[in-house]
1. Using DSSP to call loops (not H, G, I, E or B), can you name the GluC sites (Glu not before Pro) in segment 1-58 whose Cβ has at most 14 other Cβ atoms within 10 angstrom?
2. Put a dot 7 Å past each Cα toward the Cβ at Leu7 and Glu24; how far apart are the dots in nm?
3. Please compute the net charge surrounding Val20, taking Lys and Arg as +1 and Asp and Glu as -1 over other residues with Cβ under 13 Å from its Cβ.
Amino acid sequence: MITPELLARINELARKKRTVGLSEEELAEQKKLYDIYLEAIRGQVTDLLDHIEFADAPTTKPVKKKKKILKQQTINLERVIH
């Protein structure tokens, strides 16, 4: 779960990393906090996708794809001498 304290500590370590650098213990803590944060975000996205319901009824006949026709244009490039 993403708490304000978790975000505050992540931001604090990020600021410290940019300014003075982090010790080995702080790097390990930062990695652990990032993992917790990313796991929570992935869980939220998965939960959101699991609760999507389609409103339209499924069609019984196959849908035909329209062919995309590209128009060919020719450009007349003539050398103009003044």
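FYI, it's all coordinate maths here, none of it is from the lab. Owing to the predicted nature of the structure, the values given are computational and were not obtained by experimental measurement. Reconstructed Cβ throughout: ideal geometry from the backbone, glycine too, with neighbour counts over all protein chains shown.
1. Numbers: sites: Glu5, Glu12, Glu24, Glu25, Glu26, Glu29, Glu39, Glu53; in loops: Glu53.
Listed in order of number, the matching sites are Glu53.
2. In this crude spin-label approximation the distance works out to 3.4 nm.
3. Values: positive: Arg15, Lys16, Lys17, Arg18; negative: Glu12, Glu26.
Summing Lys and Arg as +1 and Asp and Glu as -1 gives +2.
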